[in-house]
Amino acid sequence: MTSGPTMSDDLYERVQTAAGAIRKAASGPAPKVGLILGSGLGGYADKLTGAKAIDYGDIPGFPRSHVVGHKGRLVIGAREGVTCAALQGRVHLYEGHSAATAAFPARVLIALGCKVLIVTNAAGGLDPSWPPGTLMLIRDHIDMLRDHALRGPNDERLGPRFPDMTKAYAPELRALVTRIAVAASITLQEGIYVAMPGPTYETPSEVRMLQTLGAHATGMSTVPEVCVARHMGARVIGISCITNQAAGITGAELSHEEVTETATRVRATFERLLDGILGGLISTGELS
Ligand code: HPA
């Protein structure tokens, strides 16, 4: 062991310790699907039945979120016959956390047994034709964060040094989600999510740059969690709620209130989509 704190020399143990504490607090079947609920989207965790909620403060090693609209609780319960572990709120790099810390809760969900991770976020729309309230299935991402969740020593017990990202957002699960949206008459766009460091929203010039790069939605989260999920071999579904048009597209100024208001407005549709996805994961045998 090298001296001094390094980023991940005891990461495996810290993940196991957190998972052990959660198993002790919430006895019952192991969760199969992990849900990361973004700004204004946390209400879905309240719909889980037979649920046990654990404050992040009671889970060893879990970082605390201070952003309004993020509760900071893990809820384990069932929905559509699937035992889920839902993170109600996440921490962001702009709060001063490393990407590895921001992604730590996602690692713990996977250590608990989640085979599929559904990551959601609020994001700014880069396609001018998408009105606020549009839901977007993430096809791929662009990482513009200045830290990486896997930076530092690699522990092979968690995953490989150089994870492949060719199919970061599982194509077969994207096809499933698309079919479910069509069957439920939910309009679902598909596109590229770009992660920006924040906490300032983008400048109009940065928005033009991101459009040129081929991105469709910009946000300040998600990528660290997706990277650790791929590292650990879990499959990922990503859904962005386009809460606003990105800076400069309409000329209107952006606010966090607008972000949470839009997310709240589409809540019912978003929850219907999540219900459909959980049901679809079961009926297609994706979780067995
Ligand atoms: N930019 C970055 N992050 C966001 C936005 C945005 O416009 N809206 C919600 N999260």
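The values are calculated or read from the model by the stated rules, or taken from the named source; none is laboratory data. Computed from a predicted model, the values in this text were never measured in an experiment. Glycine gets a Cβ as well: all are built from the backbone with ideal geometry, and neighbour counts include every protein chain shown. Each accessible area value is taken on the protein alone, full model and side chains, heavy atoms only, with ligands, DNA and RNA left out. Shrake-Rupley method; radii C 1.70, N 1.55, O 1.52, S 1.80 Å.
Out of region 177-197, which residues are assigned to a helix (DSSP H, G or I) and open to solvent by 70 Å² or more (accessible area, probe 1.4 Å)?
Arg179, Val182, Ala183
Kindly list the number of the only condition in (1) of a type in the set (S, T, N, Q); (2) more than 21 Å from Pro171 (Cα to Cα); (3) crowded, with 22+ Cβ neighbours inside 10 Å that fails for Thr200.
(3)
Considering only residues that are open to solvent by less than 10 Å² (accessible area, probe 1.4 Å) and either within 13 Å of the ligand (Cβ to nearest atom) or among the acidic types (Asp, Glu) (or both), which ones fall in region 119-148?
Thr120, Asn121, Ala123, Gly124, Gly125, Leu126, Met136
Among the residues in region 82-90, are any polar (S, T, N, Q) and without any contact (Cβ under 8 Å) to a residue 60 or more places away in the chain?
Looking through region 82-90, at least one residue is polar (S, T, N, Q) and without any contact (Cβ under 8 Å) to a residue 60 or more places away in the chain.
Would you pick out the residues in region 228-261 that are open to solvent by 40 Å² or more (accessible area, probe 1.4 Å) and within 30 Å of Lys115 (Cα to Cα)?
Selection gives Arg230, Met232, Gly233, Arg235.
Within region 201-255, can you find the residues that are within 11 Å of the ligand (Cβ to nearest atom), under 30 Å from Pro153 (Cα atoms) and not β-branched (Val, Ile, Thr)?
Within region 201-255, Gly219, Met220, Ser221 meet the criteria.
Could you check region 93-118 and list, in sequence order, the residues that are touching a Gly at 6+ places or on another chain (Cβ under 7 Å) and either without any contact (Cβ under 8 Å) to a residue 40 or more places away in the chain or within 14 Å of the ligand (Cβ to nearest atom) (or both)?
Tyr94
Only one residue in Val15, Val108, Val91 is of a type in the set (A, V, I, L, M), open to solvent by less than 50 Å² (accessible area, probe 1.4 Å) and assigned to a loop (DSSP other than H, G, I, E, B). Which one?
So the residue among Val15, Val108, Val91 that is of a type in the set (A, V, I, L, M), open to solvent by less than 50 Å² (accessible area, probe 1.4 Å) and assigned to a loop (DSSP other than H, G, I, E, B) is Val91.
Can you pull out the residues in region 196-227 that are free of Cβ contacts under 8 Å to residues at least 60 places away in the same chain and under 12 Å from Tyr94 (Cα atoms)?
If the condition is that a residue be free of Cβ contacts under 8 Å to residues at least 60 places away in the same chain and under 12 Å from Tyr94 (Cα atoms), then Met196, Thr200 are the ones that fit.
The rows are residues; the columns are (1) of a type in the set (Asp, Glu); (2) closer than 16 Å to Val228 by Cα; (3) touching an Asp or Glu at 6+ places or on another chain (Cβ under 9 Å).
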{"residue": "Asp55", "(1), (2), (3)": "yes, no, no"}
{"residue": "Ile59", "(1), (2), (3)": "no, no, no"}
{"residue": "Leu74", "(1), (2), (3)": "no, no, yes"}
{"residue": "Val82", "(1), (2), (3)": "no, no, no"}
{"residue": "Gly89", "(1), (2), (3)": "no, no, no"}
{"residue": "His92", "(1), (2), (3)": "no, yes, no"}
{"residue": "Ile110", "(1), (2), (3)": "no, yes, no"}
{"residue": "Thr120", "(1), (2), (3)": "no, yes, no"}
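Being at pLDDT 95 or above, in contact with a Leu (Cβ under 6 Å, 6 or more places away or on another chain) and within 22 Å of Ile239 (Cβ to Cβ): is that true of Thr120 here?
yes
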